[in-house]
Structure formats: C-alpha cells, structure tokens
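The values are calculated or read from the model by the stated rules, or taken from the named source; none is laboratory data. Computed from a prediction, not measured in an experiment: that's the story for all the values here. Ideal geometry is used to build each Cβ from the backbone, glycine not excepted, and the neighbour counts take in all protein chains shown. Heavy atoms of the whole protein, side chains included, go into the accessibility calculation; ligands, DNA and RNA do not. Shrake-Rupley method; radii C 1.70, N 1.55, O 1.52, S 1.80 Å.
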Amino acid sequence: MLYQTEQEHCPECGHQMEINPAYMTWCVNCNWNIYGEGNQGRESASEKLNKESGEYSSDRLLEAFKYSIDRSLPFTKQSVFTYSIALLVHFSTLAILGVAIYFFSTNSTWLGILGIALLFLWITIILPYRKRLPGRVISRDEYPELCGMIDEIGERLNVPPVDMVIISEEYTTYNLHLKRKKRVLVIGIPFFAALTLQEKIAAISHQMSQFAHPNISNSSLVERARHVLNSWIDTVDPQDSGLLYWVVFPLIILRLLLFAIIAGVYSLLIKSMRNEMQRVFYIADHEASETAGSEAVLSLFLKSEMEGLFAHTAEQVAEYQYNKELYEEFRKRISAVPTQELLRIQRVQEMNDTQSRSYHPPMKNRIGLIKEHWAMIPGYRPDGAKERRINEEFRLLEQSSQKILLSDLRGN
Ligand SMILES: [Zn+2]
C-alpha cells in the first residue's frame, strides 16, 4: 500500500501523477515514462539513419511551408535522379533477356539450359504484379450518400470522381492507382468506425488531395520500376525458397548479394522521391485541414493510434459466441480512454521527429504545420439531415463488416 502512494509522485520531478491501472503511469510535467517502461528515448538504428538523412531537406521544406503552402510539385534534380534509377531498373531487367538470347545463339547445350533458366527468370520478373483488390467494391446505387460525399469533397479539391470505392476490414484509409489510371479509394471500416463525421471527411480529403496532386510515384515509369523491384525481391528473397529460385540461384552467396543490391536500389528509389512525397503529404494535411477543419485532422491523427485498442476489442468480443456488436463496443471503449492517456498519445506524436514508413514527414512537423495554418471553420460540413443519411449508410457497412470480422476471428 505504501508503495502505491509513493509511486504517485514522479521519480524525476516529484510531480503528482494520476494512476490508472489499465494504462501507463507517466508524468505530465516532465514526460517521465511517456514511452512506457524500458522504452525511454527509444529509437531503432534504422529510424536514426532515416532521421539523419532526411532531416536537412525536411526542415527546409517545413520552413518554406510554414510561410505559405506551395501546392505545386516542381521538377527538380531529385526527379531526374528518380527517373534515372527507374530506367536503370528497366534496363537491367531487359539485360537478362539479352543475355538469354546471347546464350541461345552460342549453340552450347549448357549455355542453352542456362538461357532457358534466365528466360524463365525474366518472365517471372516482368509478369504484371497481380494486385488483388484489398476488399469489397461498393456501388453508387447502394451507398449514394457516401459516394456523393466523396464526390463533393473531390469537387472542392478539383478532382474528378474516383473510379472505385473499396471497403475493407483494415484499420486504415489509403488510395490506389490501378491499371489504366483507375483511381481507387480504400476505406477501412474499423478505422472509420472510430471517427466522427468531420474526422471521416478529413480522412477522405487527405486521400482526395493526393489524387489532386499526381506525383512522381504515380508516373508509370516509376510505378512499373517499383513493381519490377517487388517481383525481384519476391524472387530472390532469402526467406522464400520456391522451385524457380533453386534452379536460378544455386549459390547462396549470389542470392544474398543480389538481394542486397535490389534492396539497395529500392531504398535509393524511395529516398530520391522523399522530398516530393513529403510535399504531397504536407499539402494533403493542409487541404484536409481546410476541408474538415484543423481540429478534425488532429483528432484523426490521434485516432490512427488506436489500432491496438481495436484489435484487443475485436478479440474480446469474438470470445463470446453471441456477441454481435463489435463497432458499438469499440466506440464505447474509445470514449472510456482516460484523458491522461489521450494526452500521452498526443504528446508522443508531437515529440515524434522521425519519419514514419518510407516517406511520411515526421508527425511533429505535420502537427506543427497544421497548427501554423489553423483552419477553425471547416470548408465542408453536411447538414443534419445529410449527416443522418450518411451515418445510416455507415451503420449498414459496419453490420456487414463486423459479421465478416467476427466470423474470421471465431474461425468459421
Ligand atoms: Zn515528472
């Protein structure tokens, strides 16, 4: 008992700390234990490397954008570099075919067999990457309000209607470019279940803004190069030992070497696009902020951290065979998260100066920029009647989604 009362004071500064047994105890005053036990100042080697290489350009861009948001994507030396890497990828892949043809022309049996192996390799690499759709396509007739809202948000940002809206059971939203320039918006129902209408609008605006600013990563040369690199990685990945790979790469060293080279080229390609991609993200943050209001964008960021809570809720709901309300339960739990914990997540985000994934700008900068160009009044807000109709459509989407998720988790 004595222990617990002692624990309520911060060991660093003595400040009184709120205790909630289900959550981490941390100090609001000096941020003691804000990352949880043993995680103080956590930063992996790759994060550190990322940070150092990206810092300079990222800060310069941030400074410029703090002054005013420039929505153009200029052609720079970096773009030339990106296109050269993409070309290099295409040419070296084509070179395999060249070598195979040369082997065939020599009339040697052994080289001929090697040539056939190389030909197989080449075909595997250049075969179109079969993108399976990540969820279910919804039609305009079934969900006219939701699709109408997406169109209206697009109109504000000068984007023609998307070609496809897909819903999935993932805790995320993103956009896809399919073949023949088809633009797809993917809405994860678990994530949207956590959001208010204004936050949903912010999430949709963020994606629509990316459609409004086509960037170097969508250019077909670069996109194809990424597909080719992906199939290279699938083919030579040391983890994966398909039959083809034993035929083509009998030498382990060669395979590892090749893997290292391909991974290196891939990260160079991503790195060369980083500047432009960061631009795209800052612009999208800003346009989402103008459309949905800055408040909604910041709370959207906060809720994107609740994937763990969702997974936990889903597991527990699935344990009881007769439980059907997953999303209601999830929302109940979100509203039960103590303010102290929300403040902790918020502060961790505001301190996060590493670039997440391959090219998102650091969260700290994104939040900083939104605060700099604060939009109090949302540019788009459906009236009460429309809001009810949209919510009704989401209720239907949630019903089918939780049925799928729960039967998945229950294994039937
Ligand atoms: Zn403290």
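Based on what the data block shows, is Phe91 open to solvent by 60 Å² or more (accessible area, probe 1.4 Å) and within 25 Å of the chain's Cα centre (by Cα)? No: the conditions fail for Phe91. Considering the stretch 307-363, and only residues there that are basic (Lys, Arg) and assigned to a helix (DSSP H, G or I), the residue that is surrounded by the most Cβ atoms within 10 Å (Cβ to Cβ) turns out to be Arg344.
A count restricted to the stretch 248-276 and to residues that are of a type in the set (A, V, I, L, M), open to solvent by 10 Å² or more (accessible area, probe 1.4 Å) and under 17 Å from the mean Cα position of the chain (by Cα) stands at 1. State all residues of the stretch 41-81 that are acidic (Asp, Glu) and modelled with pLDDT of 85 or more; if no residue qualifies, say none. Within the stretch 41-81, Glu63, Asp70 qualify. Could you give me the residue pairs with C-beta distances under 7 Å whose first residue belongs to the stretch 12-36 and is without any contact (Cβ under 8 Å) to a residue 60 or more places away in the chain and more than 10 Å from the ligand (Cβ to nearest atom), whose second residue is assigned to a loop (DSSP other than H, G, I, E, B) and open to solvent by less than 40 Å² (accessible area, probe 1.4 Å) wherever it lies, and which are 6+ apart or on separate chains? Between residues of the stretch 12-36 that are without any contact (Cβ under 8 Å) to a residue 60 or more places away in the chain and more than 10 Å from the ligand (Cβ to nearest atom) and residues that are assigned to a loop (DSSP other than H, G, I, E, B) and open to solvent by less than 40 Å² (accessible area, probe 1.4 Å), the close pairs are Ile19/Thr25; Thr25/Met17; Thr25/Asn33.
The helices (runs of 4 or more DSSP H) found entirely in the stretch 96-201 that carry 3 or more residues being small (Gly, Ala, Ser) are 109-126. If I ask for residues that are open to solvent by less than 30 Å² (accessible area, probe 1.4 Å) and assigned to a helix (DSSP H, G or I), which ones from the stretch 364-382 would you list? Selection gives Asn365, Arg366, Ile367, Gly368, Leu369, Ile370. Taking the stretch 95-104 as the range and being in contact with a helix residue (DSSP H, G or I) (Cβ under 9 Å, 6 or more places away or on another chain) and free of Cβ contacts under 8 Å to residues at least 24 places away in the same chain as the test, the residues that pass are Val99, Ala100, Ile101, Tyr102, Phe103, Phe104.
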